[in-house]
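Take a look at the structure below.
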Amino acid sequence: MFPKNTWYVACTPDEIDGKPLGRTVCNEKIVFFRAEEGKVAAVEDFCPHRGAPLSLGFVRDGQLVCGYHGLEMSCSGKCSSMPGQRVRGFPSIRAYPVEERHGFIWVWTGDAEQADPALIPELHWANDPAWAYGGGLYHVGCDYRLMVDNLMDLTHETYVHASSIGQPEIEESAPETKVDGDEVITSRYMENISAPPFWQAALRGNNLPDDQPVDRWQVCRFTPPSHVLIDVGVALAGKGGIDAPAEFKASSTVVDFITPETDTSIWYFWGMARNFNPEDQELTDRIREGQGTIFAEDLEILEAQQQNLLKYPDRKLLMLNIDGGGVQARRVIDRILKEEQSASPSTSAKAG
Amino acid sequence: MFPKNTWYVACTPDEIDGKPLGRTVCNEKIVFFRAEEGKVAAVEDFCPHRGAPLSLGFVRDGQLVCGYHGLEMSCSGKCSSMPGQRVRGFPSIRAYPVEERHGFIWVWTGDAEQADPALIPELHWANDPAWAYGGGLYHVGCDYRLMVDNLMDLTHETYVHASSIGQPEIEESAPETKVDGDEVITSRYMENISAPPFWQAALRGNNLPDDQPVDRWQVCRFTPPSHVLIDVGVALAGKGGIDAPAEFKASSTVVDFITPETDTSIWYFWGMARNFNPEDQELTDRIREGQGTIFAEDLEILEAQQQNLLKYPDRKLLMLNIDGGGVQARRVIDRILKEEQSASPSTSAKAG
Amino acid sequence: MFPKNTWYVACTPDEIDGKPLGRTVCNEKIVFFRAEEGKVAAVEDFCPHRGAPLSLGFVRDGQLVCGYHGLEMSCSGKCSSMPGQRVRGFPSIRAYPVEERHGFIWVWTGDAEQADPALIPELHWANDPAWAYGGGLYHVGCDYRLMVDNLMDLTHETYVHASSIGQPEIEESAPETKVDGDEVITSRYMENISAPPFWQAALRGNNLPDDQPVDRWQVCRFTPPSHVLIDVGVALAGKGGIDAPAEFKASSTVVDFITPETDTSIWYFWGMARNFNPEDQELTDRIREGQGTIFAEDLEILEAQQQNLLKYPDRKLLMLNIDGGGVQARRVIDRILKEEQSASPSTSAKAG
C-alpha cells in the first residue's frame, strides 16, 4: 500500500549511463534509459514481441533495442521499428512520466495525467554551488513505512549507531512533533553536550575544535510520499545552536528518499548535503563513506523487524512520544491512500 | 503442460556411469541406473520402505540399493531383497519405460503400454562413423516452449550471439515456415555474405579459406514433443549453398533435445553433429566449447522472459513471421496435448 | 504437530554466554538470555515497542535491552524501563518457563501452569564425575519424527555410516522392541564380531586391544517428546556383553535431544556420555569430532527424505520389524498429541 500519484526517486543518472536499467518500483517492472537528446525515459520492462525484459537490451540512437530479437522501443512506449517488420500495428507498452531533476531521476507510477513535474520537491542544496552532496543506494527488505519510522525517531541512534552518532543525551531529550499540512516535523535539541565521533570529524572538517561542548540539533521533516530530510548539526555551545553563525557550527541535511519496490522492500536513497567546504571532494567522499557505514547498521534490524511483523500481523505496536513523527507521517500517508482510492477506485485496484 | 506419451531425453550414459542419477522429468522424480547386464533402468526416486530417494544409494549387481536401510530395488520397480526381510509383499514403485539409443537415454513418463521404442527419433549421424558429435547439458528456468521458440527463430542470433554466429544479414532475410504433419520446418538462406567468426573457424577446421564470400543456411526442424534439429552451414559463394559438394562447405546439425523438468524449468541437451573431419576429437572438443559458450548466452534472457511472463500471465505476445516456427510448433504441441487429454482424461489429470 | 506441554532442549549454556540468543522452537520465535543473578530467561523475540527482535539487542544488569530504541525487558516479559518513558502501561510479551539443568537449557512452549521442572528427564551422567560428556548441535530440515525413526532403527548404520560404526552384522541381527509406558526400547545384540573403526578407537581409548572379537550392543530408549538415549558399546567377546565388568568393555550413551523448530525442521542436540577416562578432555574432543562427522552423514538423507514425503504426502510407508521402535514412538507421540488436544482444544489450535 503506497501512494501512486506521486513522484518517487527511481535512480540516479549514473545508473543509466550508457545502458538501460531495469528496476521494480511500486510493484511495477520498469526500464529506465536515455532516449533522444539524452532525455530520460521509462517504459514497462516487457518487450511486446515475446515478453523479454527490455532492460537486457541496449540503447541505440535514443531507442531502446530489445536484446532478444531487436525490436526498437521509443520513449513513448511505441515500437519505433523492428528489423524486417512493419511495426505500425504493434501494441504499445506503458510509458511512465519521468523527470531528471536535482541529481535524481523521478518516476510517477500512478495516473499519468496528474503527473505534474512541479510536484517534484524543491531541493535548494542540489543546485547551489555553496552546497555539496554525496550519497548512495541501499536495497532493504522492509515496508517503506518502517524506514520512515526509523528516520522520524532518531532515538535509535543511541542503540543502532552507538559508536558514531549515538549518545545517551539523545534519548534524554524528548522530541517534539508538529504537523503542518502534509509535512511532519520532529525536532530534538540537546545543549552543552560533547560531540559524538561523527560530529567531531565534521567539526574538524570545518576547521573547528572537536573537544569542546556543543549544542546539537536534529530536525526531521517528512513529506509525502516518503521523503525525510533531516537538518542535523552541532555548534560550539552557547553560540546560538541551529541559528549560530556559520563559523561556529558544522551542519548538514541528511537526505532520505524511500522508494517502494514491493510491499516489503524498498530502494533507499540516502545522502548528505552540506554547506561547508563544498568544493572539498575528498571530504564529500569521506562523509559518504562514514554515512554509508552508519546507515548500513539499520538494515539488519529493519529486515528482522519486517519478518517479525509478517509473522505476527495482528500485533498492535506501541505509539510513544518518540514515535510521534512516524505516527503522524503514517496518518498523512493513510489520508493520501484514501484520497487515491476514492478518486479512482479502479486505478487503485489495479495498483495493488 | 507437456506431452507425456512420448520419449524425452533423460540423460547421457556418462551420467549413470557407476552410480544412480536422480532427475526430475515432467514433474516426476525418477532415478536412472544401470541394472542387470548393463541395461538402463528408471524407477520412481522413492524408496517404498521410508521414502528416502533411491538416488542417494548405490548399484550392486544390477540392483539399486537404498542408501538408508539397504532395500534392494530391481529395474521393474519391485523390491528384490532387503537384509533380514521377506520382501514378497512389499509394494512396488513405478518403473518407467527407458531406452538407451543414439548416445542418449530416453524415458517415457506417460502410459507405459504405449511406449514403443520405435517412436524414438532416428538420428542417422549418431551411428555413422562419417559423423562426429559433441554436446552438453544446461538446466534452464523456463517453460520448454520458450526454448522451442528460441530455436525456431534464429533472428535472435544477431542480438544474443552478436560476437559469434550473429550477423545483420540474418534479420534481413525473411525465414519461411512450413508444416509437414507433425514436423515444422523454418528455413533461412543468405547469399554472398561474409562468414561470422564461428563459421570462419569451421571453414578453417574443414581446410577452407575463411575470408571469402559464402552462402549460409539455417534449416530448423521441430518434431514433437520438443526436439529441434537445425541444419546449418556455409559454402563458398556460388557453389550451390546447402547443396554444394562437401569440399566447398562446412556444415553441421545443431542438436537440441528439450526435456521438461517442471512447468517452468528444463533439461536442455544441446550439441552439434558434423560430417567433416569426424575423427578429429580435438576439433570436436573445440566446437563443443564454442557452442557451449554461445548457447549459455541464451539462458539469462530465457529465464528473465519466463519471470516476466509469470508476472504478467495475461499479456498477449506478438506472432510475427519470424515467430512462425514457434507458433506452428506450439500448434502441434497443443494438438497432441488435446489428444492425450481426450484419450485418457484420468491419466492426464494425474500428469498435471 | 508436536507436543507442547513438555520440556524441549532449547540451547546449551554457551549459546547465551554474554549475549541473547534468538531461536525458533515449536514455531515460536523466542529469545533466551541470562537475567538477574544469572538465571536463564525466555521471552517472545518481539519487542512490544515496534516489533524488532529482542535477540538483536544486548543484556545489561539482567535486563534484555532492545537494540532498536532501548526498551528494557525483564525475564517475566514485562517491560522494566525505557529511556524517557513510563512503562507501567506497556503490554507484556509472553514469557516461557525455562530451566537450566544437566548442561542444557530447557523450554516449555505449552501451558505454563503445567510446566513442572520435575518433568525434566533425569540424566545421571550429567552430574556424575565418573562420566564425561561432549556434544554438538545440528540444524536439520526434517520433521522431528524422521529423526526419531532414524535413531530407533540403527540398521541404517550399515549404509549411512559404513566406514565408522556400520557393519553387516547389524542388519543380520533382528532388533527387539518393547514398550514400557511412555518409553520405547529397541535392543540389538551382536556376539563375537569384529569391532568397526569407531569402536576400535574407543577400545584403544579405554586401553583395551582393538583386534579381538567383541560382543556389541545397542539399546535405544525413546522417551517423549523426542528424546532418544542409546546405550552402545563393545566388550571383549564372552565377558558378559553389556553386563561385562568395566575393565573388559568400552561403552557409552549416545544422547539425542530433538527439538522441533518448525513442522519440517529441527534443532538436533547430539552427544555422547561415557564413563571411562572421564577426565581425558582430549579424548572427549576426539570422540565429539568423530561423532560429529558420523552424525553429519545422516543430514542429507533426512532432508531428501523430507522433501520426498512433502512431494508425495499420500504415500504409505512400510513398517517392518526394524521400524518397530519408530512406529511405537509415534504411537506414544500420537497419544500425547490427542491428550493435549482434548484437554485444551483452544490452546492446541493456537499451537498449530
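Contact residues in the range C:74-92 (at least 20 Å² less accessible area with all protein chains than alone, 1.4 Å probe): C:83, C:85, C:90, C:91. The slack between residue B:223 and residue B:285, meaning 0.36 nm per residue of separation minus the straight C-alpha distance, is 19.6 nm.
Of interest is the spacing of the C-alpha centroids, which for the range A:127-185 and the range A:1-42 amounts to 26 Å. Considering all different alpha carbon pairs of the range C:125-340, the Kirkwood hydrodynamic radius works out to 17.8 Å.
Carbon and sulfur atoms: what percent of the 1.4 Å accessible area of the range B:7-118 do they account for? Kindly include the intermediate steps, with their values, before the conclusion.
Numbers: 1900 of 4240 Å².
Taking all protein chains in place, the range B:7-118 shows 45 percent carbon and sulfur surface.
Per residue, chain C exposes 41 Å² of solvent-accessible protein surface, assessed with a 1.4 angstrom probe and all protein chains in place. The trypsin sites (Lys or Arg not before Pro) of the range A:1-106 meeting both criteria, a DSSP state outside H, G, I, E and B (loop) and at most 10 other C-beta atoms within 10 angstrom of the site's C-beta, are A:86, A:88. Buried on complex formation within the range A:291-320 (loss of at least 20 square angstrom of accessible surface versus the isolated chain, 1.4 Å probe, ligands and nucleic acids ignored): A:300, A:301, A:304, A:305, A:308, A:311, A:312, A:315, A:317, A:318, A:320. Computing FRET efficiency as 1/(1 + (r/R0)^6) for residue C:204 and residue C:111, where r is the C-beta to C-beta distance and R0 is 51 Å, gives about 0.55.
On the beta carbon distance between residue A:182 and residue C:58, with R0 = 45 Å, the FRET formula returns roughly 0.75. Inter-copy label distances at residue C:243, shortest first and taken from points set 7 Å along Cα to Cβ: 9.7, 9.7 nm.
Which links in A:311/B:29; B:316/B:338; A:316/A:338; C:311/C:338 stretch past 24 Å when you go from one Cα to the other?
Violating the 24 Å limit, Cα to Cα: A:311/B:29; C:311/C:338.
Loop-resident trypsin sites (Lys or Arg not before Pro) (DSSP state other than H, G, I, E or B) in the range B:188-285 with no more than 14 further Cβ atoms inside 10 Å of their Cβ: B:239. Our note on the geometry: Cα centres of the range A:109-126 and the range A:218-293, 21 Å apart.
Take chain A and mark each of the GluC sites (Glu not before Pro) that is in a DSSP loop with at most 11 other Cβ atoms within 10 Å; the longest unmarked stretch, sites excluded, is A:123-278. Of the residues C:307, C:291, C:207, the one whose Cα sits farthest towards the positive end of the charge dipole of the range C:125-340 is C:307 (charges of +1 on Lys and Arg Cβ, -1 on Asp and Glu Cβ, taken about the Cα centre). Using the Cα coordinates of the range A:7-118, the gyration tensor eigenvalues translate into equivalent-ellipsoid semi-axes of 22, 15, 12 Å, sorted from longest to shortest. A simple count of charges around residue A:223, restricted to other residues whose Cβ falls under 12 Å of its Cβ and scoring Lys, Arg +1 and Asp, Glu -1, yields -4.
With all protein chains in place and a 1.4 Å probe, the accessible surface of the range C:125-340 carries 49 percent carbon and sulfur.
Once the Cβ-Cβ distance between residue A:296 and residue C:76 is put in as r, and R0 is 35 Å, what FRET efficiency do you end up with, to the nearest 0.05? The value I calculate is 0.50.
When the accessible area of each residue in the range C:28-73 is compared between its chain alone and the complete protein assembly (1.4 Å probe; ligands, DNA and RNA ignored), which residues differ by at least 50 Å², being lower in the assembly? When all protein chains are present, C:29, C:46, C:49, C:50, C:56, C:68, C:69 each give up 50 Å² or more of accessible surface. Chains A and C together bury roughly 2400 Å² of accessible area, counting both sides, with a 1.4 Å probe on protein heavy atoms only.
Placing unit charges on the Cβ atoms of the charged side chains and taking the dipole of the range C:80-231 about its Cα centre, the candidate lying farthest along the positive direction among C:174, C:108, C:226 is C:108.
The values are calculated or read from the model by the stated rules, or taken from the named source; none is laboratory data. If you're wondering where the values come from, they're calculated on a predicted model, not measured in any experiment. Positions of Cβ are generated from backbone atoms using ideal geometry, with glycine treated the same way; all protein chains shown enter the neighbour counts. The area values use the complete protein model at the heavy-atom level, side chains included, leaving out ligands, DNA and RNA. Shrake-Rupley method; radii C 1.70, N 1.55, O 1.52, S 1.80 Å.
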